[in-house]
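To start, the structure under review is shown below, and the notes come after it.
What follows is calculated from the coordinates using simple rules that are stated; it is not laboratory data. Everything numeric in this text was worked out from a predicted model, so none of it was measured. FYI the Cβ positions are ideal-geometry reconstructions off the backbone, even for glycines, and counts take in every protein chain you see.
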């Protein structure tokens, strides 16, 4: 059973990423905060007695379900989502992954100009992420940001491992294409 | 690592940087939400643990805070139940034996029985004792 300190450490480690995930999905800071708060409360109330190693998967399931519930409630008033996957080029020779490099410059004290550029880059990649198809974004963030393996991602998303691979691949190519189109290059 | 995975990890590194520059007000609200959630953490009630351990403590010794007469009552009930089950099983067995004996006595004697030396000996002994 997870102790109070284990649950606290887990939530402290995951809360910011959870908020950002929800924010990318629902595009509303208040709604994202509500989703994360509800998810934390549900985890503590219903699964607080579970072993600490089960918490990441349980929390992600709760969080993703909460995001989907929000989608369902807001479907009628949600705006159009631009699916960046549709922009994915068919020509493999023009694969943006081959040319794109978004390695951030790491300086202990970046100049104001560098800091501004970094902030702009950050805003662009977050914008690209927001415009991904929901399932692609979910798979990409769970797999690469949360660090879940393919099987765990499939469990959280309620789909097959093959679907996870497809979603991740399409998401990665769509993001690379979107960033390349915005001129984010070394 | 494939180019796809390399890109994904570099992308997430940048996202992580964005996490560090989260609005302090949002960070504070997240912290408050975490504290509230921890206040509602589900725990296994101590009473449930006592019930699970009651069988063992009842037989092996008295746990602190439990009443001794309750343990005595549990043990007496157990013994009474075992005695009743033993008696009832014996009663059932006797009934079955009685039915088999009755069926054998009422049924016709098979001709082969007269050729059996043991049966002949029993018959002669029975005839002698009857006189």
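Summary table
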read-out	value
Residue B:73-residue B:86 pseudo-label distance in nm [points 7 Å out on the Cα-to-Cβ vector]	2.5 nm
Shielding by partners - mean other protein chain Cβ count within 10 Å, residues of A:42-49	4
For residues of B:1-9, the mean tally of beta carbons on other chains within 10 Å	6
Shielding by other protein chains, A:18-27, mean Cβ within 10 Å	2
For the stretch A:1-59: rounded, prolate or oblate by the Cα gyration tensor [a/c cutoff 1.5]	prolate
By average C-beta atoms within 10 angstrom, highest first, the peptides A:171-182, B:70-81, B:106-117	A:171-182, B:70-81, B:106-117
Packing rank of A:13-23, A:125-135, where each peptide gets the mean count of other beta carbons within 10 Å, highest leading	A:13-23, A:125-135
